[in-house]
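Please read the structure below before turning to the comments.
The values are calculated or read from the model by the stated rules, or taken from the named source; none is laboratory data. As the structure is a prediction and not an experimental result, all values here were calculated from the model. Counting neighbours? That spans all protein chains shown, and the Cβs are built from the backbone with ideal geometry, glycine included.
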Amino acid sequence: MLSGTRRDADEGMYNWRITPVLFPSSSMFTVGNASEKGVVWIRMWIPLDDENTAQWRIRWRADMPLEGHDEPESGPGGYLPEGTQWNQQRRPTGNKTNDYLLDRALERTQFSGIPSFPLQDKMATESMGPVWNRSLEHLGTTDKVIMAVRRRLIEAARALDEEGVPPPGADQPEAFFVRSAICNLPVELNWVEASKDLVAAGLGVPAVNLA
């Protein structure tokens, strides 16, 4: 499924940021910088058990060979030493025990004193505790994608459990032949229809479109 967010651009135009949601637990996005053109960003959230989730962040340049370009992003502070237990690999140094590397001086001049977006996301997620009662949330208009994805997940889980119906995309690999895009479109156009060529993936198609 696709999600789209818009803001005003030139007169009569909307600027759209289009993010494919790769069912059930991944999304593909672009950061919107010219320097990132051709870069594929994917985030994956993989449940490990009822209280732990592994997050994978994939950054890939389609115009460069994968071999020989392993550049893991450690982020501020790097990673903790790896242990021998199942949950002791690839753990960021910034975590709840050290306030996610909170810098009070930086906090005076920026939105947050936590030095990176991934650590800020980690803080916001983990501060709720391992399990949160979502019925207590107050979602708004900017959370429409969250609501839509949750409904699809619940529907798919029930269909699999009660009727044995495979989840969406499980036997349709072509459903994942998509890319993210940022583009300006006339306000009167349906953004889903107008962006079909931009978000299509395949040989000879740019990995990410910044139109």
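Structure notes:
- Considering only residues in the range 133-190 that are among the polar types (S, T, N, Q) and either surrounded by 12 or more Cβ atoms within 10 Å (Cβ to Cβ) or in contact with a Gly (Cβ under 8 Å, 6 or more places away or on another chain) (or both), the one that is farthest from Asn52 (Cα to Cα) turns out to be Asn184.
- Pro130 vs. criteria surrounded by 15 or more Cβ atoms within 10 Å (Cβ to Cβ) and modelled with pLDDT under 90: no
- Index of the failed condition, Ser112 passing every other in (1) surrounded by fewer than 16 Cβ atoms within 10 Å (Cβ to Cβ); (2) in a loop (DSSP other than H, G, I, E, B); (3) of a type outside the set (A, V, I, L, M, F, W, C): (1)
- Filter pass, Pro168 being touching a residue at least 40 places away in the same chain (Cβ under 8 Å), part of a loop (DSSP other than H, G, I, E, B) and in contact with a Lys or Arg (Cβ under 9 Å, 6 or more places away or on another chain): yes
- Members of the range 123-157 found to be part of a loop (DSSP other than H, G, I, E, B) and in contact (Cβ under 8 Å) with a residue 60 or more places away in the chain, listed by number: Pro130, Val131
- Residue check for Gly202: loosely packed, with under 13 Cβ neighbours inside 10 Å and modelled with pLDDT under 85: yes
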